[in-house]
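*Asks:* What follows is a structure written as C-alpha coordinates; I'll ask about it next.
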Amino acid sequence: MSLLLNQVPIDMTKKYHRIKHHKMRKHASKQFRFWHRKLGILSVIFVILLSITGILINHSHPLSLDSRKVTFNWLLNNYGIKPPSNISIYQTHPLIASSDNLIWIEKFPPIEAQQPISAIIPFNQLYLAITPSTLYLISPHGQLIEMQDSSLGLPQHIEAIGQDGQLWLKTANGYFFSNEDLIDWTPATPLQAIKWVEPLPSFQVPEALAKVSLRARSHSLSWERVLLDVHSGRFFGPLGPWFMDLVALALIVMSLTGIYLWQSTAKPRKKRKPSKYDK
(Lines give C-alpha, C1' and ligand atoms only; values in the text may rest on other atoms or scores of the structure.)
Protein backbone atom coordinates (compact mmCIF):
# COMPACT_ATOMS: atom_id res chain seq x y z
CA MET A 1 0.00 0.00 0.00
CA SER A 2 2.81 2.39 0.87
CA LEU A 3 4.44 1.63 -2.50
CA LEU A 4 1.27 2.69 -4.30
CA LEU A 5 1.07 5.94 -2.32
CA ASN A 6 4.67 6.76 -3.15
CA GLN A 7 4.10 5.99 -6.83
CA VAL A 8 1.18 8.47 -7.20
CA PRO A 9 3.21 11.68 -6.55
CA ILE A 10 5.94 10.44 -8.86
CA ASP A 11 3.45 9.83 -11.69
CA MET A 12 1.81 13.21 -11.12
CA THR A 13 5.21 14.94 -11.19
CA LYS A 14 6.11 13.26 -14.47
CA LYS A 15 2.75 14.19 -15.92
CA TYR A 16 3.18 17.82 -14.78
CA HIS A 17 6.61 18.03 -16.37
CA ARG A 18 5.30 16.53 -19.59
CA ILE A 19 2.48 19.07 -19.72
CA LYS A 20 4.86 21.94 -18.92
CA HIS A 21 7.36 20.79 -21.56
CA HIS A 22 4.55 20.48 -24.11
CA LYS A 23 3.33 24.00 -23.36
CA MET A 24 6.86 25.38 -23.65
CA ARG A 25 7.37 23.65 -26.99
CA LYS A 26 3.99 24.88 -28.19
CA HIS A 27 4.85 28.44 -27.15
CA ALA A 28 8.28 28.23 -28.81
CA SER A 29 6.75 26.84 -31.99
CA LYS A 30 4.24 29.68 -32.03
CA GLN A 31 6.99 32.28 -31.65
CA PHE A 32 9.21 30.63 -34.24
CA ARG A 33 6.32 30.39 -36.68
CA PHE A 34 5.54 34.09 -36.16
CA TRP A 35 9.12 35.22 -36.82
CA HIS A 36 9.53 32.70 -39.62
CA ARG A 37 6.61 34.25 -41.49
CA LYS A 38 7.65 37.83 -40.79
CA LEU A 39 11.22 37.29 -41.90
CA GLY A 40 10.02 35.38 -44.94
CA ILE A 41 7.77 38.24 -46.06
CA LEU A 42 10.51 40.84 -45.49
CA SER A 43 13.21 38.77 -47.21
CA VAL A 44 11.33 37.54 -50.26
CA ILE A 45 11.87 40.77 -52.25
CA PHE A 46 15.60 40.74 -51.60
CA VAL A 47 15.87 37.01 -52.31
CA ILE A 48 14.27 37.60 -55.71
CA LEU A 49 16.58 40.60 -56.27
CA LEU A 50 19.69 38.61 -55.34
CA SER A 51 18.60 35.69 -57.49
CA ILE A 52 17.95 37.80 -60.60
CA THR A 53 21.16 39.83 -60.27
CA GLY A 54 23.17 36.67 -59.56
CA ILE A 55 21.88 34.97 -62.71
CA LEU A 56 22.59 38.05 -64.83
CA ILE A 57 26.11 38.42 -63.38
CA ASN A 58 26.89 34.77 -64.17
CA HIS A 59 25.92 35.38 -67.79
CA SER A 60 27.15 38.97 -68.14
CA HIS A 61 29.61 38.19 -70.94
CA PRO A 62 27.16 36.28 -73.22
CA LEU A 63 24.61 39.05 -72.60
CA SER A 64 27.28 41.73 -73.28
CA LEU A 65 26.53 43.35 -69.94
CA ASP A 66 30.26 43.79 -69.31
CA SER A 67 30.59 45.99 -72.41
CA ARG A 68 27.14 47.59 -72.59
CA LYS A 69 27.21 51.08 -71.10
CA VAL A 70 24.64 52.76 -68.88
CA THR A 71 22.93 55.70 -70.57
CA PHE A 72 20.41 56.71 -67.89
CA ASN A 73 21.24 60.12 -66.45
CA TRP A 74 19.79 59.34 -63.01
CA LEU A 75 22.04 56.27 -62.71
CA LEU A 76 25.09 58.23 -63.81
CA ASN A 77 24.18 60.94 -61.30
CA ASN A 78 23.82 58.31 -58.59
CA TYR A 79 27.42 57.23 -59.24
CA GLY A 80 28.61 60.85 -59.22
CA ILE A 81 29.89 60.69 -62.82
CA LYS A 82 30.22 64.25 -64.06
CA PRO A 83 30.22 65.49 -67.68
CA PRO A 84 33.63 66.07 -69.29
CA SER A 85 35.10 69.52 -68.77
CA ASN A 86 35.90 70.07 -72.46
CA ILE A 87 33.98 68.75 -75.48
CA SER A 88 34.93 69.60 -79.07
CA ILE A 89 32.93 68.66 -82.16
CA TYR A 90 34.94 68.66 -85.40
CA GLN A 91 32.39 66.97 -87.66
CA THR A 92 28.83 65.74 -87.22
CA HIS A 93 28.33 63.35 -90.18
CA PRO A 94 30.12 61.14 -89.43
CA LEU A 95 30.69 62.22 -85.86
CA ILE A 96 34.26 63.25 -85.04
CA ALA A 97 34.71 64.65 -81.57
CA SER A 98 36.82 64.72 -78.43
CA SER A 99 36.01 64.96 -74.74
CA ASP A 100 38.99 65.71 -72.52
CA ASN A 101 41.39 62.86 -73.42
CA LEU A 102 38.87 60.66 -75.30
CA ILE A 103 38.68 60.46 -79.10
CA TRP A 104 35.24 59.71 -80.58
CA ILE A 105 34.88 58.40 -84.14
CA GLU A 106 31.24 57.78 -85.11
CA LYS A 107 29.60 55.12 -82.90
CA PHE A 108 32.80 53.20 -82.15
CA PRO A 109 34.30 52.89 -78.65
CA PRO A 110 36.55 55.83 -77.78
CA ILE A 111 40.32 55.87 -77.88
CA GLU A 112 41.90 57.11 -74.68
CA ALA A 113 44.85 59.46 -75.09
CA GLN A 114 47.50 60.28 -72.51
CA GLN A 115 46.73 64.01 -72.66
CA PRO A 116 43.74 66.19 -73.57
CA ILE A 117 43.03 66.24 -77.31
CA SER A 118 44.01 69.45 -79.15
CA ALA A 119 42.43 68.69 -82.56
CA ILE A 120 41.22 65.92 -84.90
CA ILE A 121 41.46 66.04 -88.71
CA PRO A 122 40.58 63.62 -91.56
CA PHE A 123 43.64 62.82 -93.70
CA ASN A 124 44.04 60.23 -96.48
CA GLN A 125 41.13 58.02 -95.34
CA LEU A 126 42.41 58.19 -91.79
CA TYR A 127 41.72 60.36 -88.77
CA LEU A 128 44.60 62.15 -87.05
CA ALA A 129 44.30 63.35 -83.47
CA ILE A 130 46.95 65.41 -81.72
CA THR A 131 47.93 66.28 -78.18
CA PRO A 132 50.82 68.61 -77.32
CA SER A 133 53.23 65.67 -77.56
CA THR A 134 51.54 62.82 -79.49
CA LEU A 135 49.97 62.07 -82.88
CA TYR A 136 47.31 59.33 -83.12
CA LEU A 137 46.55 57.60 -86.44
CA ILE A 138 43.03 56.14 -86.39
CA SER A 139 41.19 53.99 -88.92
CA PRO A 140 37.69 54.86 -90.25
CA HIS A 141 36.37 52.15 -87.90
CA GLY A 142 37.75 53.90 -84.83
CA GLN A 143 40.74 51.60 -84.29
CA LEU A 144 44.12 52.96 -83.24
CA ILE A 145 46.66 52.20 -85.99
CA GLU A 146 49.73 54.01 -84.72
CA MET A 147 50.85 56.45 -82.06
CA GLN A 148 53.78 58.78 -82.76
CA ASP A 149 55.80 60.76 -80.22
CA SER A 150 59.25 62.28 -79.90
CA SER A 151 60.90 58.86 -80.13
CA LEU A 152 59.68 58.66 -83.77
CA GLY A 153 60.73 62.20 -84.62
CA LEU A 154 57.42 63.94 -83.94
CA PRO A 155 57.88 67.64 -83.07
CA GLN A 156 56.89 68.52 -79.51
CA HIS A 157 54.76 71.28 -77.97
CA ILE A 158 52.17 70.94 -80.76
CA GLU A 159 49.62 73.75 -80.79
CA ALA A 160 47.59 73.10 -83.98
CA ILE A 161 47.25 70.88 -87.04
CA GLY A 162 46.16 71.75 -90.59
CA GLN A 163 46.67 70.92 -94.24
CA ASP A 164 47.05 72.47 -97.69
CA GLY A 165 47.70 69.25 -99.62
CA GLN A 166 50.38 68.48 -97.05
CA LEU A 167 49.96 68.01 -93.35
CA TRP A 168 51.25 70.84 -91.18
CA LEU A 169 51.93 71.11 -87.46
CA LYS A 170 52.17 74.38 -85.60
CA THR A 171 54.40 74.09 -82.54
CA ALA A 172 56.02 76.41 -80.02
CA ASN A 173 59.26 75.91 -81.98
CA GLY A 174 57.87 76.74 -85.44
CA TYR A 175 56.08 75.00 -88.32
CA PHE A 176 56.63 71.46 -89.62
CA PHE A 177 55.18 69.57 -92.58
CA SER A 178 55.18 65.90 -93.55
CA ASN A 179 54.57 63.76 -96.61
CA GLU A 180 51.63 61.39 -97.03
CA ASP A 181 53.41 58.60 -95.15
CA LEU A 182 53.76 60.79 -92.04
CA ILE A 183 57.25 59.49 -91.43
CA ASP A 184 59.50 62.56 -91.65
CA TRP A 185 58.71 66.02 -90.29
CA THR A 186 60.52 68.92 -91.89
CA PRO A 187 60.71 72.43 -90.45
CA ALA A 188 59.50 75.05 -92.91
CA THR A 189 57.55 78.27 -93.30
CA PRO A 190 54.16 78.02 -95.05
CA LEU A 191 53.96 79.98 -98.32
CA GLN A 192 50.24 80.53 -97.85
CA ALA A 193 47.89 80.72 -94.90
CA ILE A 194 47.12 77.33 -93.40
CA LYS A 195 43.60 76.59 -92.28
CA TRP A 196 44.21 75.22 -88.83
CA VAL A 197 41.62 72.78 -87.48
CA GLU A 198 39.19 74.25 -84.98
CA PRO A 199 36.08 72.74 -83.37
CA LEU A 200 32.65 73.75 -84.61
CA PRO A 201 30.92 76.51 -82.61
CA SER A 202 28.94 74.98 -79.75
CA PHE A 203 25.71 76.81 -80.64
CA GLN A 204 25.68 75.02 -84.02
CA VAL A 205 25.96 71.49 -82.63
CA PRO A 206 23.97 71.29 -79.37
CA GLU A 207 22.68 67.77 -80.12
CA ALA A 208 26.16 66.44 -80.88
CA LEU A 209 27.52 68.01 -77.69
CA ALA A 210 24.78 66.37 -75.61
CA LYS A 211 25.39 63.02 -77.32
CA VAL A 212 29.15 63.08 -76.72
CA SER A 213 28.65 64.25 -73.13
CA LEU A 214 26.35 61.31 -72.39
CA ARG A 215 28.67 58.82 -74.12
CA ALA A 216 31.66 60.18 -72.21
CA ARG A 217 29.85 59.81 -68.88
CA SER A 218 28.59 56.32 -69.66
CA HIS A 219 32.03 55.20 -70.85
CA SER A 220 33.13 54.42 -67.28
CA LEU A 221 29.96 52.62 -66.14
CA SER A 222 28.79 49.25 -67.48
CA TRP A 223 25.64 47.33 -66.58
CA GLU A 224 27.78 44.58 -65.09
CA ARG A 225 29.17 47.08 -62.57
CA VAL A 226 25.63 48.18 -61.63
CA LEU A 227 24.47 44.58 -61.15
CA LEU A 228 27.50 43.78 -58.97
CA ASP A 229 26.80 46.83 -56.82
CA VAL A 230 23.10 45.95 -56.46
CA HIS A 231 23.97 42.34 -55.62
CA SER A 232 26.44 43.37 -52.90
CA GLY A 233 24.35 46.28 -51.61
CA ARG A 234 26.88 48.98 -52.50
CA PHE A 235 24.35 50.50 -54.89
CA PHE A 236 22.21 51.58 -51.92
CA GLY A 237 24.93 53.63 -50.24
CA PRO A 238 27.32 53.06 -47.31
CA LEU A 239 24.68 51.15 -45.31
CA GLY A 240 23.73 48.94 -48.26
CA PRO A 241 26.25 46.13 -47.59
CA TRP A 242 25.24 46.05 -43.92
CA PHE A 243 21.59 45.75 -44.91
CA MET A 244 22.41 42.85 -47.23
CA ASP A 245 24.24 41.22 -44.31
CA LEU A 246 21.05 41.52 -42.25
CA VAL A 247 19.10 39.89 -45.08
CA ALA A 248 21.63 37.03 -45.11
CA LEU A 249 21.26 36.62 -41.33
CA ALA A 250 17.48 36.63 -41.72
CA LEU A 251 17.76 33.78 -44.23
CA ILE A 252 19.92 31.81 -41.77
CA VAL A 253 17.34 32.36 -39.00
CA MET A 254 14.56 31.30 -41.38
CA SER A 255 16.45 28.10 -42.20
CA LEU A 256 16.95 27.21 -38.53
CA THR A 257 13.38 28.02 -37.51
CA GLY A 258 12.10 26.11 -40.53
CA ILE A 259 14.03 23.00 -39.47
CA TYR A 260 12.70 23.34 -35.91
CA LEU A 261 9.11 23.78 -37.05
CA TRP A 262 9.39 20.81 -39.39
CA GLN A 263 10.73 18.58 -36.63
CA SER A 264 8.14 19.75 -34.10
CA THR A 265 5.23 19.05 -36.42
CA ALA A 266 6.56 15.82 -37.92
CA LYS A 267 4.57 12.81 -36.79
CA PRO A 268 6.58 10.00 -35.24
CA ARG A 269 6.68 6.81 -37.22
CA LYS A 270 4.49 4.02 -36.00
CA LYS A 271 6.29 0.89 -35.08
CA ARG A 272 5.61 -1.87 -37.51
CA LYS A 273 4.04 -4.90 -35.99
CA PRO A 274 6.25 -7.92 -36.28
CA SER A 275 4.97 -10.43 -38.74
CA LYS A 276 5.32 -14.11 -38.57
CA TYR A 277 8.07 -13.95 -41.21
CA ASP A 278 10.31 -11.85 -38.90
CA LYS A 279 10.91 -14.86 -36.72
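The values are calculated or read from the model by the stated rules, or taken from the named source; none is laboratory data. As the structure is a prediction and not an experimental result, all values here were calculated from the model. Positions of Cβ are generated from backbone atoms using ideal geometry, with glycine treated the same way; all protein chains shown enter the neighbour counts. Note: accessible area is taken over every heavy atom of the protein model, side chains too, but ligands, DNA and RNA are not part of it. Shrake-Rupley method; radii C 1.70, N 1.55, O 1.52, S 1.80 Å.
*Asks:* If contacts are Cα pairs under 8 angstrom and at least 6 residues apart, what is the relative contact order of the range 59-115 in percent?
*Replies:* 17 percent
*Asks:* With 23 Å as the limit, write out which pairs from Lys82/Lys107; Lys82/Lys195; Lys107/Lys195 have Cα-Cα distances beyond it, or answer none.
*Replies:* From Lys82/Lys107; Lys82/Lys195; Lys107/Lys195, over 23 Å: Lys82/Lys195; Lys107/Lys195.
*Asks:* Which of Ala188, Ile161, Tyr175 sits closest to the plus end of the dipole of the range 134-230, meaning its Cα is farthest towards the positive end, when Lys and Arg get +1 and Asp and Glu get -1 on the C-beta?
*Replies:* Ile161
*Asks:* Need one value: the accessible area of Ser218 in square angstrom, 1.4 angstrom probe, rounded to the nearest 10.
*Replies:* The accessible area of Ser218 comes to roughly 10 Å².
*Asks:* Long-range amide H contacts for Leu167: which residues qualify at under 5 Å (H placed 1.01 Å from N, peptide plane, sequence gap of 5 or more or a different chain)?
*Replies:* Under 5 Å from the amide H of Leu167 lie the amide H atoms of Ser178, each far enough along the sequence or on another chain.
*Asks:* Taking the Cβ of Leu56 as the center, what net charge do the other residues with Cβ under 14 Å away carry, scoring Lys and Arg +1 and Asp and Glu -1?
*Replies:* Net charge in that neighbourhood comes out at -1.
*Asks:* Here is a further query. Any idea of the accessible area per residue across the range 142-192, 1.4 Å probe, to the nearest Å²? Spell out each step's value before the answer.
*Replies:* Numbers: 3060 Å² over 51 residues.
Normalised by residue count, the accessible surface of the range 142-192 is 60 Å².
*Asks:* Please give the solvent-accessible surface of Ser118 in Å², to the nearest 10, using a probe radius of 1.4 Å with every protein chain present.
*Replies:* 50 Å²
*Asks:* Follow-up question, since we're still on this one. Grab the other residues whose beta carbon is less than 13 angstrom from that of Leu209, score K and R as +1, D and E as -1, and report the net.
*Replies:* Here the count lands on +2.
*Asks:* Then there's this: Round to a whole number: what % of the accessible area of the range 115-163 belongs to carbon and sulfur, probe 1.4 Å?
*Replies:* That share works out to 53 percent.
*Asks:* Quote the relative contact order of the range 105-256 in percent (integer), defining contacts as alpha-carbon pairs under 8 Å separated by 6+ residues.
*Replies:* 12 percent
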